[in-house]
Amino acid sequence: MTTQATPEPLAPLERSLFEKSSPGHRGLSLPATGVPEQPLDQLLPPELQRKESAKLPELAQLDIIRHFVRLSKLNHSIDDDFYPLGSCTMKYNPKVCDYYGMLDGLTQLHPRTPDHLSQGTLEIIYTLQQYLADITGFHQVSLQPAAGAQGELVGMMMIKAHFKKIGETQRTEVIIPDSAHGTNPASAAMCGFKVLELKSAENGLVDVVGLKTLLSEKTAAVMLTNPSTLGLFERDILEITQTVHDAGGLLYYDGANLNAVMGQAKPADMGFDVMHINTHKTFATPHGGGGPGCGPVATTPLLAPYLPSPIVAFDNGQYTLHNNRPDSIGRVKTFNGNFEMMARAFTYISAYGAKGLAQVTQDAVLNANYIRKQLEATYEIPYDQVCKHEFVMNSHRQKKYDERLNTMAIAKRLMDYGIHPMTVYFPLIAHEAMMVEPTETESKETLDRFIDVMRQIDAECRNSPELILNAPHTTPVQKVDEVSAARNPDLNFYCCPI
Ligand SMILES: *Cc1c(COP(=O)(O)O)cnc(C)c1O
């Protein structure tokens, strides 16, 4: 593998469409309509009429296409190269899922079509509810939430509604480990709960003794991620869930990373009461683009009455939307939710089948452990034990070569090799964390290339630290000023206000 000195940046900063605009250019020309024009005053009252025309960029179609295609190439995507972003499951999504998800018969259905004319769509929703109930071991599922975080909020609202119903309103606290995803405390707090942080044990797992000291008659719930965000499976999970139930609390399972356990273990069997699933990580919708998601919630008979309404049911040979559920927390998303994500997840699960999903998990876990073993001689792995779908290493050894070296510098250097950086500085309990999740969809050749690159970067840290400190060298933008970007974001660069 060769390393460049400091090559020129690839391309000058992309100009916005407005800067490229030139008067008189048009994307397309429409024929005259043949409809007689009406005077504007008859169509709109004067105060609603524009005084001057909208300032839109004027470009030919080809220039617009080139603009957006060029921009799309500045992005890294799973279709470009390896994307080991831990906790995000950036895996390849089979194109067949997109194909079926985008069938005209599904995407063109009017959202107000009556149930008896949308049986196909309702059947997909119903069957996916059943599939997810099967995979998680739970009794009933709602597909409404539009993201994992919204699923968490729904779960917390259901727990709150339950304690209100049974008159235990003194249960105002939710216990969350310090290794949890930041959305967990946010969701509990948004629901009005007081969040108690549970410090993890030395080995990164839940500290059962510490948990017992936090439990009380005020405990509403404990939110857990299993395997945790360190990629470690909670060995004492049955004792943990039993202890919380004995104290009268409920257990929420953060199931965002289900391809660590699906087909192998069911959260309901572990003793949990309610969970969310990220279909946009595990089941065929790319995660991380900020696009639409789908974070279904699954639960036990105890909490099922509180699930959002409507739920799709199957009565007398007909699929119907059940609205009459008096204890439901209500609707959390318009119409059927993000249905296209559901159609993709349905396709993915149908294509793989139960055996295939179990294999997905085995391969995801095998790949993570393969990389972990191959890199343990080079990078420090703070919780070095068999992991599930991901593991965490750090840059402490590299810092010994030169104290300016850190995880951020290593992550930036990875970009020069065409690989998306792993998740960095998360989870917060792991100092200088580099969290690697290869997923099951990568070949052994790709994993070996990543391992080689990581060893090469270690050698560079030792022999030419400046190369690392000045990275990335091959991207159109080098180092960004992250503090200013967060404090004074310029969100108008690519889309000027009209
Ligand atoms: C991704 C993730 C979430 C949040 O899911 P969103 O769909 O991004 O809201 C929650 N918990 C964990 C562990 C995650 O990895």
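The values are calculated or read from the model by the stated rules, or taken from the named source; none is laboratory data. None of these values were measured; they are calculated from a predicted model. For neighbour counting, all protein chains shown are included, and Cβ atoms are generated from backbone atoms with ideal geometry for every residue, glycine included. Areas reflect the complete protein model, heavy atoms only, side chains present, ligands, DNA and RNA absent. Shrake-Rupley method; radii C 1.70, N 1.55, O 1.52, S 1.80 Å.
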TODO: Mind listing whichever residues of segment 19-69 are surrounded by 10 or more Cβ atoms within 10 Å (Cβ to Cβ), in a loop (DSSP other than H, G, I, E, B) and among the hydrophobic types (A, V, I, L, M, F, W, C)?
DONE: Leu44, Leu56, Leu59, Ala60
TODO: Taking the options Gly255, Gly293, name whichever one is within 10 Å of the ligand (Cβ to nearest atom), among the small types (Gly, Ala, Ser) and surrounded by fewer than 24 Cβ atoms within 10 Å (Cβ to Cβ).
DONE: Gly293
- [ ] Could you list all residues from segment 79-101 that are surrounded by 13 or more Cβ atoms within 10 Å (Cβ to Cβ) and more than 16 Å from the ligand (Cβ to nearest atom)?
- [x] Asp81, Phe82, Tyr92, Pro94, Val96, Cys97, Asp98, Tyr100, Gly101
Open item on the list: Looking at segment 240-251, can you tell me whether even one residue there is modelled with pLDDT of 95 or more and within 16 Å of the ligand (Cβ to nearest atom)?
Closed with: yes
Task: Any pair with Cβ under 9 angstrom, 6 or more apart, that starts in segment 315-326 at a residue that is touching a residue at least 12 places away in the same chain (Cβ under 8 Å) and ends at one that is exposed (fewer than 10 other Cβ atoms within 10 Å of the Cβ) - done: His322/Asp315
Open item on the list: Could you check segment 109-146 and list, in sequence order, the residues that are farther than 18 Å from Pro310 by Cβ and either modelled with pLDDT under 95 or surrounded by 19 or more Cβ atoms within 10 Å (Cβ to Cβ) (or both)?
Closed with: Tyr131, Ile135, Thr136, Phe138
TODO: Only residues in segment 25-43 that are within 19 Å of Glu58 (Cα to Cα) count as the first member; pair them with residues that are outside any loop (DSSP other than H, G, I, E, B), Cβ under 7 angstrom, at least 6 apart or cross-chain, and list the lot.
DONE: Gly27/Gln61; Gly27/Ile64; Leu28/Gln61
TODO: For residues that are more than 12 Å from Met393 (Cα to Cα) and β-branched (Val, Ile, Thr), tally how many sit in segment 362-376.
DONE: 1
Open item on the list: Being within 16 Å of the ligand (Cβ to nearest atom) and open to solvent by 10 Å² or more (accessible area, probe 1.4 Å): is that true of Pro305 here?
Closed with: no
- [ ] Mind listing just one residue for me: the one in segment 414-452 that is surrounded by fewer than 20 Cβ atoms within 10 Å (Cβ to Cβ) and of a type in the set (Phe, Trp, Tyr) and, of those, farthest from Gln359 (Cα to Cα)?
- [x] Tyr425
- [ ] Would you point out which residue out of Ile410, Ile381 is crowded, with 17+ Cβ neighbours inside 10 Å, under 19 Å from Phe233 (Cα atoms) and over 22 Å from the mean Cα position of the chain (by Cα)?
- [x] Ile381
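Tell me which strands (runs of 3 or more DSSP E) are completely within segment 266-352 and hold 2 or more residues being not β-branched (Val, Ile, Thr), or say none if there are none.
Those strands (runs of 3 or more DSSP E) span 274-277, 311-315, 318-322.
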- [ ] Please specify each residue of segment 340-375 satisfying the condition of being out of contact with any Gly (no Cβ under 7 Å at 6 or more places or on another chain) and under 20 Å from Arg455 (Cβ atoms).
- [x] Asn367, Asn369, Tyr370, Ile371, Arg372, Lys373, Gln374, Leu375
- [ ] Collect the residues in segment 390-432 that are of a type in the set (Asp, Glu), under 20 Å from Lys373 (Cα atoms) and without any contact (Cβ under 8 Å) to a residue 24 or more places away in the chain, keeping them in residue-number order.
- [x] none
TODO: Output the number of the condition that Ser72 fails; it satisfies all remaining conditions of (1) surrounded by 10 or more Cβ atoms within 10 Å (Cβ to Cβ); (2) farther than 30 Å from Arg372 by Cα; (3) within 42 Å of the chain's Cα centre (by Cα).
DONE: (1)
TODO: Could you grab me the full set of residues in segment 274-290 that are near the ligand (Cβ under 10 Å from one of its atoms), of a type outside the set (Val, Ile, Thr) and touching a residue at least 60 places away in the same chain (Cβ under 8 Å)?
DONE: His276, Asn278, His280, Lys281, His287, Gly288
Task: Every residue from segment 258-273 that is more than 14 Å from the ligand (Cβ to nearest atom) and touching a residue at least 24 places away in the same chain (Cβ under 8 Å) - done: Met262, Gly263, Gln264, Lys266, Ala268, Asp269, Met270, Gly271, Phe272, Asp273
